[in-house]
Structure formats: C-alpha cells, structure tokens
1. Rounded, prolate or oblate for the range 110-160? Axes are the square roots of the Cα gyration tensor eigenvalues, ordered a ≥ b ≥ c, and the cut-off for rounded is a/c under 1.5.
2. Regarding the chain, what's the average projected area of the Cα-atom convex hull, expressed in nm²?
3. Using the Cα gyration tensor of the range 30-78, with a ≥ b ≥ c the square roots of its eigenvalues, what is the shape: rounded (a/c below 1.5), prolate (a/b larger than b/c) or oblate (neither)?
4. To make sure I understand, if each residue's beta carbon is the centre and we count other beta carbons within 10 Å, what order do Phe104, Phe20 fall in, fewest to most?
5. On a full-extension model of 0.36 nm per residue, what is the gain between Arg12 and Arg141, subtracting their alpha-carbon distance, rounded to one decimal in nm?
6. Taking every pair of alpha-carbon atoms in the range 13-123, give the share separated by more than 21 Å as a whole percent.
7. Going by average Cβ neighbours within 10 Å, how do the peptides 254-265, 207-218, 24-35 rank, with the highest at the top?
8. Arrange the following residues from fewest to most other Cβ atoms within 10 Å of their Cβ: Tyr50, Tyr274, Tyr247.
Amino acid sequence: SAATATGGQPQRVPFSYEVFPARSSAAALALGHTVQHLAASGPEFISVTYGANGSSRDASLDLLKYIKQHTEARPLAHLTSIGSSKAEIEQLVADFWQAGVYDFLALRGDPPRGVSEADVELGEVPNTVEFVDLIQSILKRQSGATGRVCIAAFPNKHPRSETINDDINVLLAKQDAGAAFAITQLFFHADDYLRFVDAASRAGVRIPILPGLMPVSTSAQLLKVAELAGEQAPDDLLARLEAAGGYGPECGVEHTVGLASRLVSEGAPGIHLYTFNRHQSVLAVLRELGLLTNHPFEKELA
Ligand code: FAD
C-alpha cells in the first residue's frame, strides 16, 4: 500500500458515495440504515441524485436533510437544468442552501423516458457550462458557509459528443466557469479512465477527476450499467457472475478492488462509489483496500 513521505503511514485515500431517493416508504427505512453505515465510514461526502425535470425534488431534499441532520457526512446535491427556468433554479439552490446543503453536482439531466438524446428540450439553461456559472453566481450571494460546484465527466464519451475531444473542451469550459472537481460516469476498465485523465490534463484540465466505480452484484446489472456507461462489460467479470448463476456480489467487489487499487496507484485523487442504495458491497471494497478504519458496525459487516 502507498506510504507517505512522512513516516510511512498508509496514505489516506478520500472516498465518497452516491445514493438516490427511495421510491417507497419501506425502501426509505432501509435507506436510512444504509446511509448510517455509509456515513460511519467517514466519506468526504454523500451525493444524492436528482430526477430530471424536478421529479424527485422533495424526495432528494428530504434525503439530503436526513444526511445533514442525522449523520456527520457532508451532503452533496445533484441538480439538473433541463426543463427548469433560471428562477426555478435560483429558488431550488436557495432552498437546498437553507437546509444546510452547500455542495452541488451540476448536470444537464437524463432525457425524459421515451425522448431520444437528440430531441432533449434544453430549456432556459441550455448547457452545463452556463449551469455551473449560474449556480456559482447564486452561491457567491450566500453567506456563512462555502459551497462548491462539481460536474460530470465521461471517460467513454458522452453519447451526444462526436469525439472525446468535444467532452474535454466542455470540461475545460466548466473548469473556467468555476467547477471545483469532476466525477466520472461509471466505467469498468482502468485504461479508459487513465487515458481520459491524461488527455484532459494535456488539454489543460487541472481540477481533480474522481473516478466513479460501482461494485455490481448481478450479471443483468453489469450489462445494464455498462451499456449506460457506453462501454463493453468486462468479459472476465461477466463470465464469473454467470458462473455464479447470475448473482455474485463478491465478484463485483473483487473487480472494483482491483480497479480502485490500480487507479489510486496511478494517481487518481480518490474514489467515488455508486452504492445502488446498498452499503455491503461498497464497504467491502473499502475494507479490502484498507480504507475502512474503526467502522462502528464492523462486526455486523464481517
Ligand atoms: P453537458 O455538459 O450539457 O453535456 C452533454 C452533451 O452536450 C455532451 O456531449 C457535451 O459535449 C455537449 N455540450 C455541453 N456543453 C456544450 C456546449 N457549450 N457546446 C456544445 N456542446 C456542448 N442525471 C440525472 O437526471 N440526475 C442525476 O442525479 C444524475 N447524476 C449523475 C451523476 C454523474 C456522476 C454522472 C456522470 C451523470 C449523472 N446524470 C444524472 C446523467 C447526466 O444528467 C447525463 O449524462 C447528461 O446527459 C449529461 O450531463 P452533463 O451535465 O454532463 O451535460
């Protein structure tokens, strides 16, 4: 494991999580439990997704408030711009700020169901460069705490971009608009991330790019998220999941541990874990990486 120049202590690798609002009250109870476990591991932040067009506004805000009021973790709110007016966004950021949420992930938003990428109605804030700019200007008017805006990055190209260079130019523009760091779409091959970060750095991107990783539990989930991420599911992982009858959380954990170790050793600034609202697999990943220290629920997890 990595040792610092000062005294050979293992280096602390920052990690963070993504959760999404529960879709039923039973799921909300389970999610409270999950969030407690996640928060107890000492993440940099826990991010909460946001349904494009405001479809999860109240549910996202409730979950962010829960994290803020009932854990020590810092909440980070995803926000989407499609279908919203500038005035609505101002109100939204003000409401979230009021609830003690100071950090935002600025996103365009997924196309509504049934709408193709080419037909997305962009609305008053047509791209995320302007969205970052807008949130920054709102944050500058707030007082009493420091807020940050972060953005998404796509190691395997955004489906709308013709080349990876288009994405890198957009990343540069978002950096200029004041984005503090980027979080990637999930991916399964270390080289995809390393190649992307290298190209971004050569183009002048200086903000940290956090790799987004997901320990999948089933072969169906792997195929689905790999398609979403715009890449091939890794053959070895798929084969192992299929050999396990389709369900093998330990395979997903092992793959993510391998990926994360390589990324960190090659200089990734931390790891962002897509939890799928489950704590077991992501905490198992951190334990394998030696990053889970003094977790109060350690016995329960083992
Ligand atoms: P943009 O930056 O607008 O990029 C979209 C496309 O437009 C790219 O091809 C880009 O190259 C192009 N583009 C951007 N600006 C310009 C410009 N000025 N000129 C020309 N072309 C431009 N979706 C949700 O609905 N809710 C969530 O909570 C959510 N969380 C996410 C978290 C992460 C970490 C990631 C990676 C994605 C998330 N998404 C979420 C999905 C996201 O909303 C979609 O992937 C969306 O299509 C892209 O968002 P963006 O902000 O990167 O878009």
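Read the figures in this text as sums done on the coordinates, not as results from a lab. Please read these numbers as outputs of a predicted model, since none were measured by experiment. All Cβ positions, glycine included, derive from the backbone under ideal geometry; neighbour counts span all protein chains shown.
1. Prolate.
2. Its average projected convex-hull area is 16.4 nm².
3. prolate
4. The most exposed by this proxy come first: Phe20, Phe104.
5. Full-extension gain reported as 43.0 nm.
6. The share of Cα pairs beyond 21 Å in the range 13-123 comes to 38 percent.
7. My ranking of the peptides, most packed first, is 207-218, 254-265, 24-35.
8. Neighbour counts put them in this order, fewest first: Tyr247, Tyr274, Tyr50.
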